[in-house]
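See structure below.
Just so you know, all these numbers are worked out from the coordinates, no wet-lab data involved. Everything numeric here is computed off the predicted structure, so don't read it as measured data. Cβ coordinates were reconstructed from backbone atoms using ideal geometry, including for glycine residues, and neighbour counts include every protein chain displayed.
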Amino acid sequence: MKVGVLVVGHRGATASTTIAATRLCARGELAPFLLSESGAPARLPLPDPAAFAWGGWDPFAARESWAETLTRHGVLDLRRWPDLPERMAGVKELEPIALARDHAVTSGETHPARRRGAEILAGLRRDIRAFREGTGADQLVLLNVSAPALLGPRERWPRDADAFLEQLDAGAFESAPPYYVAAAILEGAAVADYTASATLEMPGVEDLARREGVPLAGRDGSTGQTLLKSVLAQTFATRKLRVRGWYSANILGNHDGLMLSDPRYCDVKKVDKTELLERILGYPVQAHLVDIRHYLPAGDEKEAWDAIDFEGLLGARGRLRLDWQCSDSLLAAPALIDLTRLLSWAAAEGCSGVQPWLGVFFKYALGTPERRYLALAAELERFCREALAGRRLRDNSTTGRAGAA
C-alpha cells in the first residue's frame, strides 16, 4: 500500500523534520522510536515510512529552497547530511490558502485568499486529486501542523455534514483549516489535526467523515511537558497525594513559539495544557498556572519547567521541580509518522469518524474523556490486539464503522 501524505504547514520545523526523518532513515532505523513498531501495532500491516509520498501547502514554499528552510529551522545539521535538500526535492508543493484570521495573514507572511468559499474548496480538491494521481497513492492522509484555527462560537458550529458544506461554500470560516479538512475528507483522505484547533470537534466535520468513510484523529500533539504532566498527575492521584499547586512554564524560539506569542493562539493552546490536570486528579488545583513564552535564542530546543507542590499524611509537604529540554520537532516527528501509519491502516480497514484509540498522541484526545497517558497507551494496544484477533470493530461513536467491512 502506497501512502500519500499531505501536510498543512509542511515547511514548518515539525513537518520538515518529519519528512526529513523518512528520507534519512530506513524503517529499521526509525523502528526503535515508533509506537507503531512495538506491541500489537507492530503486527499490523502498516506502510513503510521510507516509501511515503509527501506533499503540502505552506506560504514559505514559494520563496525558499529546502536548504533555506532546513537552515532556518536549525533542527538538522546540513553539514552532517549535505544531500538532504536534494532528498526533499520530491515533495510536491501545492498552492496554499490563508484567510483573514490565519496567523500567516496576521503575521504578514501571506495575503488572504480572494476567492469565494466554494472556489477555495474546489481548488483544494483538484490539488489533492492531482497529488493522488501523480504519486499513485492508494491511501491519503492529511496532517495539519499549522497554526490553530480560530473558529466562531460553538453555537454557530455546523451540526451536520450538509450544514458544514453550506458554511464552507458561503465563506463562513475566517480560518483555512476547515477548508483543508473538508477537501481532504471529500477526497477520501484520513485526517490528523496535530494543532490545538477545535476543527475536528465540529459535529458537521465528523458527520462528513462518517458519510465519506474516513477516520479522524486529534487534537493537539502531546510530545513533551504535557505528556509528562499526564503521567505525573496520574501518579499523584493513584498515590493519594493532593496537589496544591502546579506551575508549568514553556520557552521556545521557533516559529511555533512566535505564533504562540499571539494571545489568540496562546489562549487556545493553554486550554489543552490545563484541562487534563483537573480531569486526571478529580479536583480543581487552586494554583494551576501555565505560561508560554517566545524566547528567540532557544530555537527549536524547547525548555519546559514544572514546579509542583503537594501534601500527604498529617500535612506533610512535598515539592517536585522538573526541567525538560529537547528539540520540539524531533520529539514530534516519530508521533506524526506513527499517526500516518496507523491512520492509513484504519482507512484501509474502513474506520470512519473520530478514532479514540489514537488518543495517546494528543493532549486533548477526541472521542474520549481519558487524559491519562498510560491509559491511552493501553487503549492503543487493546484496540490493535482486538483487531488482530479478528473481532469486528464496533460501529459506534467511539470506533467508527470498520465493523461494516
Inset, instruction - May I ask you to work out the translational diffusion coefficient for the chain at 37 °C, viscosity 0.692 mPa s, via Stokes-Einstein with Rh from the Kirkwood sum over Cα pairs, reported in whole µm²/s? - result: 152
Legend entry - Pairs from LYS2/LYS229; LYS2/LYS270; LYS270/LYS302; LYS92/LYS270; LYS2/LYS273 whose Cα-Cα separation, in the structure shown, is over 27 Å: LYS2/LYS229; LYS2/LYS270; LYS92/LYS270; LYS2/LYS273
Inset, instruction - Report the charge-dipole magnitude of the chain in Debye, nearest 20, computed about the Cα centre from +1 at each Lys and Arg Cβ and -1 at each Asp and Glu Cβ. - result: 920
Inset, instruction - Would you please give the FRET efficiency between GLU133 and ARG317, computed as 1/(1 + (r/R0)^6) with r the Cβ-Cβ distance and R0 = 56 Å, to the nearest 0.05? - result: 0.30
Legend entry - Inter-centroid distance (Cα atoms) of region 5-67 relative to region 150-186, Å: 28
Legend entry - Size-normalised alpha-carbon gyration radius of region 225-327, reference 2.2 N^0.38 Å: 1.13
Inset, instruction - Please work out how much length the chain gains when fully extended from VAL271 to ARG115, using 0.36 nm per residue of separation minus the C-alpha to C-alpha distance, in nm with one decimal. - result: 52.9 nm
Inset, instruction - Sort HIS111, HIS294, HIS255 so the one with the fewest other Cβ atoms within 10 Å of its own Cβ comes first. - result: HIS111, HIS294, HIS255
Legend entry - Solution diffusion estimate, µm²/s, Stokes-Einstein, region 43-105, Kirkwood Rh from C-alpha pairs, 4 °C, viscosity 1.567 mPa s: 92
Inset, instruction - Would you please name the trypsin sites (Lys or Arg not before Pro) within region 1-75 that are DSSP coil residues with at most 16 other C-beta atoms within 10 Å of their C-beta? - result: LYS2, ARG63
Inset, instruction - Output the DSSP H helices from the chain with an along-axis C-alpha extent of no less than 30 Å and a mean Kyte-Doolittle hydropathy no less than 0.0. - result: 328-349
Inset, instruction - Could you list THR340, THR71 in order of exposure, starting from the residue whose Cβ has the fewest other Cβ atoms within 10 Å? - result: THR71, THR340
Inset, instruction - Write out the trypsin sites (Lys or Arg not before Pro) in region 282-366 meeting two conditions: DSSP loop, and at most 14 other Cβ atoms within 10 Å of their Cβ. - result: none
Inset, instruction - Could you tell me which trypsin sites (Lys or Arg not before Pro) in region 145-228 are loop residues by DSSP with no more than 15 other beta carbons within 10 angstrom of their beta carbon? - result: ARG159
